[in-house]
Amino acid sequence: LVLAVALTVAEASLTRIRVLRGESARAQAVTDAVLDGLKDAVIVLDRETVMRRVNPAAERLLGRPAKELLGRPCRETPCIHLGRLADDEVLPPVQELDIQASDGTKRPSLVSVSHVRDAAGEIVGRALVLRDLSRLKQLETQTRRAENVSALGRLTASVAHEVNTPLAGISSYAQMLLE
């Protein structure tokens, strides 16, 4: 009887473990799908600033595949300056940094750093979220150029008007002299 009860309890425990593993796998799949679908780059670092998760947007921003980044400390990767951010005891506010990609190009990015905590609330790492501002900076430059061209056009129109006014008078006097 004791053996039957023990087997029943063991079987119930194994069933519960299988259910929890399935729920954990589904939660992990949802988390992966969300991170992979983000347009912002996400890099998850552990306590030693070793890269534990890099989403596809981060791969594009840094110009490196995840397999070259994962398992390596930030200080040994192209994003060495991100490692310095992650090393700080006090989290910096959201700030703008130039992120250097593997091809040497610098991309202006908005960087936010936050703590990653375990179920007990202990800090186990940092999450860096980077938004590529390259397109926004291009649009700002184009807008500034358009504003400059517009101002030049207004100035030209104003000068033309100012020059045209005395020319009209001179033209009138010249016409009268001819007559």
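Is one or more of the residues making up region 53-61 closer than 30 Å to L97 by Cβ and part of a strand (DSSP E or B)? Write out each step before concluding.
First, pick out the residues of region 53-61 that are closer than 30 Å to L97 by Cβ: 53-61.
Checking the rest, the ones that are also part of a strand (DSSP E or B) come to 53-54.
Checked region 53-61: at least one residue is closer than 30 Å to L97 by Cβ and part of a strand (DSSP E or B).
Condition check ((1) farther than 22 Å from R117 by Cβ; (2) without any contact (Cβ under 8 Å) to a residue 24 or more places away in the chain; (3) open to solvent by less than 60 Å² (accessible area, probe 1.4 Å)) across all residues:
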| position | (1), (2), (3) |
| --- | --- |
| A10 | yes, yes, yes |
| L14 | yes, yes, no |
| V19 | yes, yes, no |
| V30 | no, yes, no |
| L38 | no, yes, no |
| R47 | no, no, no |
| V50 | no, no, yes |
| A58 | no, no, yes |
| R64 | yes, no, no |
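So that you can scan it fast, the table gives a plain yes or no per residue for (1) of a type in the set (S, T, N, Q); (2) assigned to a loop (DSSP other than H, G, I, E, B); (3) open to solvent by 80 Å² or more (accessible area, probe 1.4 Å); (4) touching a strand residue (DSSP E or B) at 6+ places or on another chain (Cβ under 9 Å):
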site: S109; (1), (2), (3), (4): yes, no, no, yes
site: S114; (1), (2), (3), (4): yes, no, no, yes
site: L128; (1), (2), (3), (4): no, no, no, yes
site: T141; (1), (2), (3), (4): yes, no, no, no
site: R145; (1), (2), (3), (4): no, no, yes, no
site: V149; (1), (2), (3), (4): no, no, yes, no
site: L155; (1), (2), (3), (4): no, no, yes, no
site: S158; (1), (2), (3), (4): yes, no, no, no
site: E162; (1), (2), (3), (4): no, no, yes, no
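Return the residues of region 2-31 that are more than 21 Å from R53 (Cα to Cα) and within 30 Å of the chain's Cα centre (by Cα); say none if nothing qualifies.
Residues satisfying the conditions do not exist here.
If you go through region 102-119, how many residues are among the aliphatic types (A, V, I, L, M), in contact (Cβ under 8 Å) with a residue 40 or more places away in the chain and touching a helix residue (DSSP H, G or I) at 6+ places or on another chain (Cβ under 8 Å)?
Result for region 102-119: 0.
The values are calculated or read from the model by the stated rules, or taken from the named source; none is laboratory data. For clarity, every value in this text was computed on a predicted model and none was experimentally measured. When we count neighbours, we look across all protein chains shown, and the Cβ atoms used for this are built from the backbone with ideal geometry, even at glycine. Ligands, DNA and RNA are stripped out before the accessible areas are found, and what is left, the full protein with its side chains, is counted by its heavy atoms. Shrake-Rupley method; radii C 1.70, N 1.55, O 1.52, S 1.80 Å.
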